[in-house]
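Visitor: Below is one structure. I have some questions about it.
Any read-out appearing in this document is the output of simple, stated calculations on the displayed coordinates, not a laboratory observation. Remember, predicted model here, so these are calculated numbers, not experimental data. Backbone-built Cβ (ideal geometry, glycine too); neighbour counts: all protein chains shown.
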Protein chains: 2
Amino acid sequence: MARIAIDMDGVMADTSQQYINWYANRYGQTIDINSLVGLPETEGFPAGKDVIRSFLYEPGFFRTKPVIKDCQEVVKALFDKHDVFIVSAAMEFPQSLVEKLDWLKEHFPFIGWERIVFCGSKTIVHADYMIDDHVKNLQSFKGEPLMFTAPHNVNISGYKRVNSWEEVGQILL
Amino acid sequence: MARIAIDMDGVMADTSQQYINWYANRYGQTIDINSLVGLPETEGFPAGKDVIRSFLYEPGFFRTKPVIKDCQEVVKALFDKHDVFIVSAAMEFPQSLVEKLDWLKEHFPFIGWERIVFCGSKTIVHADYMIDDHVKNLQSFKGEPLMFTAPHNVNISGYKRVNSWEEVGQILL
């Protein structure tokens, strides 16, 4: 049994797709996700990154993110087998705290409150594995980091990668 | 420089005094804090522990807790010298999340969001020291636990104790 720390945004919740959805709703233009590949997370939208970043402060943005494919099934299986924590750097966006809890309750009702961690810096988190899409979270991690592939991180090397929840399952189940 | 995890309730925020305050406000009876010594945290009030526990779910309970004596000065000095995190098991009471953030912002404006951790189980927290008033948080801690004395924990032995923030300063500053 291993202790596994799982990130939310970009790993369980589809942040890129949510940016595309909110952008389409606001500007009537659907951005092709392939055009975001290799760009920083809030870039690649014609209206500019400040507009995209402002979505993060709007009510509902975190609450309505789509669930990434196969995440529910694999996370459930990981909970049955391992010592799993959901670890989200939510503190930068205080209004997201309750939305994230509600999102987890809707899509992952089997996750108890004991297993949820909202933090700022993840340097204080101790586990055997950390699944995350951001280098800033993985680089100080003392266990085995697994970089969950997202459009913004495709050009980063030096980390073992998981490209899907199916691949997470292959490694950890 | 050491990494220090500091609990909120019962360590920075005076939970016992807040129970006494809310009880007095509700029932018109001021309970002597000395009568709570040695009892579990929600016991010792004539109306019964279910009533006391219900305070935890009322708006404002966490937001208006008194700050424990000398805490602001010593925590500020710890932040200047060490790698400090505020680690609160807030997840059991979701409505407390925003209240706790606002409480920290009011009384400890120097604490950035990167340094705040709201969790359920603290077993995932890794640090050199943990200052906490509850055995359930200290017992699985791999660093050096420091039990902050509170009325409910006076009969617990086996932990190095700090009886005040002045004593915390003597050990860690």
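Visitor: Can you tell which of A:63, A:161, A:115 shows the greatest fluctuation in a Gaussian network model of chain A with Cα springs below 10 Å?
Guide: A:115
Visitor: Now for a separate question. Excluding same-chain residues fewer than 8 positions from residue B:49, which lysines have a Cα within less than 22 Å of its Cα?
Guide: Excluding near neighbours in sequence, the set is B:65, B:136.
Visitor: Could you tell me the ratio Rg/Rh of the range A:17-155? Both radii from Cα atoms, Rh via Kirkwood.
Guide: 0.96
Visitor: Sticking with this structure for a sec: Which order results if A:19, A:159 are arranged by neighbouring Cβ count within 10 Å, fewest first?
Guide: Values: A:19 24, A:159 16.
The fewest-first ordering by Cβ neighbours comes to A:159, A:19.
Visitor: Between residue A:49 and residue B:49, what is the label-to-label distance in nm when each label sits 7 Å out along the Cα-to-Cβ direction?
Guide: 5.3
Visitor: Using only Cα atoms, find the angle between the long axis of helix A:71-81 and the longest principal axis of chain A, and express it within 0 to 90 degrees, rounded to the nearest 10.
Guide: For helix A:71-81, the angle is close to 20 degrees.
Visitor: With a sphere of radius 12 Å drawn around the Cβ of residue B:52, what net charge do the other residues whose Cβ falls strictly inside it have (Lys, Arg +1; Asp, Glu -1)?
Guide: Values: positive: B:26, B:49, B:53; negative: B:41, B:43, B:50, B:58.
Residues near residue B:52 contribute -1 overall.
Visitor: Still on this structure, please answer the following. Calculate how steeply helix A:96-107 sits against the longest principal axis of the alpha-carbon atoms of chain A, using the helix alpha-carbon long axis, and give the answer as 0 to 90 degrees to the nearest 10.
Guide: Between the helix axis and the principal axis of chain A, the angle is about 70 degrees.
Visitor: Right, next: What does the charge dipole of chain A about its Cα centre add up to, to the nearest 20 debye, if the Cβ of each Lys and Arg holds +1 and the Cβ of each Asp and Glu holds -1?
Guide: 200
Visitor: From the label point of residue B:159, set 7 Å along Cα to the beta carbon, how far off in nm is each other copy's matching point, shortest first?
Guide: Reported distances to equivalent positions: 3.5 nm.
Visitor: Within the P(r) computed for the protein assembly as shown, what percentage of the Cα pairs occupies the region above 32 Å?
Guide: Cα-Cα pairs in the protein assembly as shown separated by more than 32 Å: 36 percent.
Visitor: Considering only the label points, 7 Å along Cα→Cβ from Cα, what distances in nm to one decimal separate residue A:34 from the same position in each other copy, shortest first?
Guide: For residue A:34, the inter-copy label distances come out at 7.9 nm.
Visitor: Next question. What does the range A:15-55 give for Rg and for Dmax, in Å, if only its C-alpha atoms count?
Guide: Cα-based Rg and Dmax for the range A:15-55 come out at 8.9, 24 Å.
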